[in-house]
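So the structure is just underneath, and the comments pick up after that.
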Amino acid sequence: MGKARDVAVIIASLRRESFTRKLAMAMMRIAPPSIALDIVEIRDLPMYDQDLETDVPAKEWVSFRERIKRCDAILFATPEYNRSVPGCLKNAVDVGSRPGGHGVFAGKPGAIVSVTPFGLGAFGANHHLRQALVYVDVLTMAQPEAYVSQAADLVDENFGITKESSREFLKKFLEAFAAWIELTRKR
Ligand SMILES: Cc1cc2nc3c(=O)[nH]c(=O)nc-3n(C[C@H](O)[C@H](O)[C@H](O)COP(=O)(O)O)c2cc1C
């Protein structure tokens, strides 16, 4: 087998005890060996401001853009805020999409896992994100879709997924993503 594909994982929660982060960490442990998941932090990205898009943009923007440019694919793990995505994720998408014509997401395969502690939720975040990703030209995997509900007790202290059906589903989701990366990889 060749080198594992480098998958940047963007987690759209800044909360210390984030269920979404715990789930992403758990997914790192069950991913197939053909993909290597690496968390790319978005906490320190300054809010996108076109006035700062100079010859010397913010160093956090530059390193984020360089990291995304280097990766083979992106996994977005997001909670749902007000039936959409948290602002930190939208900001990261905006930062990576500029300057116009030089966005770093273009052509990259992507997948979304959206998370809620409730029984119902995570659809709005998932589909709002898909809408933005179309514009920045991420090749987002259509199926399987991953809406994770009842997330509060899903991951134990060792980042194991406590519910077998969810563990098996997420394993299959990651295997499908690995196959999607091979199918769509452009660069
Ligand atoms: C501003 C805000 C808006 C929220 N809106 C939703 C929502 O639309 N749907 C939902 O399922 N949960 C919503 N929640 C609850 C979150 O799902 C919950 O806080 C969750 O723990 C956030 O994910 P995290 O644990 O990864 O930080 C909202 C929470 C906040 C703070």
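The values are calculated or read from the model by the stated rules, or taken from the named source; none is laboratory data. Everything numeric here is computed off the predicted structure, so don't read it as measured data. Note: ideal-geometry Cβ built from the backbone for every residue, glycine included; neighbour counts use all protein chains shown. Just the protein is used for accessible areas: all its heavy atoms, side chains included, with ligands, DNA and RNA removed. Shrake-Rupley method; radii C 1.70, N 1.55, O 1.52, S 1.80 Å.
A few comments on the model shown:
- Every pair of residues 6+ apart whose Cβ atoms lie under 7 Å, when the first sits in segment 6-25 and is closer than 19 Å to K171 by Cβ while the second is of a type in the set (F, W, Y): K22/F159; M25/F159
- Entry remark, segment 109-145: residues being within 9 Å of the ligand (Cβ to nearest atom), of a type outside the set (G, A, S) and part of a loop (DSSP other than H, G, I, E, B) number 4 in total.
- Scanning segment 88-109 for residues that are open to solvent by 50 Å² or more (accessible area, probe 1.4 Å) and within 21 Å of R21 (Cβ to Cβ) returns a single hit, K90.
- Segment 10-25, residues that are more than 8 Å from the ligand (Cβ to nearest atom) and surrounded by fewer than 21 Cβ atoms within 10 Å (Cβ to Cβ): R16, M25
- Any pair with Cβ under 6 angstrom, 6 or more apart, that starts in segment 113-126 at a residue that is surrounded by fewer than 21 Cβ atoms within 10 Å (Cβ to Cβ) and ends at one that is assigned to a loop (DSSP other than H, G, I, E, B): G119/S149; G121/E80; G124/E80; G124/R83
- Filtered residues of segment 26-44 (kept if under 21 Å from K69 (Cα atoms) and open to solvent by less than 20 Å² (accessible area, probe 1.4 Å)): I35, V40, I42
- Filtered by the rule that a residue be open to solvent by 80 Å² or more (accessible area, probe 1.4 Å) and either in a loop (DSSP other than H, G, I, E, B) or touching a helix residue (DSSP H, G or I) at 6+ places or on another chain (Cβ under 8 Å) (or both), segment 163-187 gives K163, R185, K186, R187.
- Test: residue in segment 48-71 that is within 16 Å of the ligand (Cβ to nearest atom) and open to solvent by less than 20 Å² (accessible area, probe 1.4 Å): no
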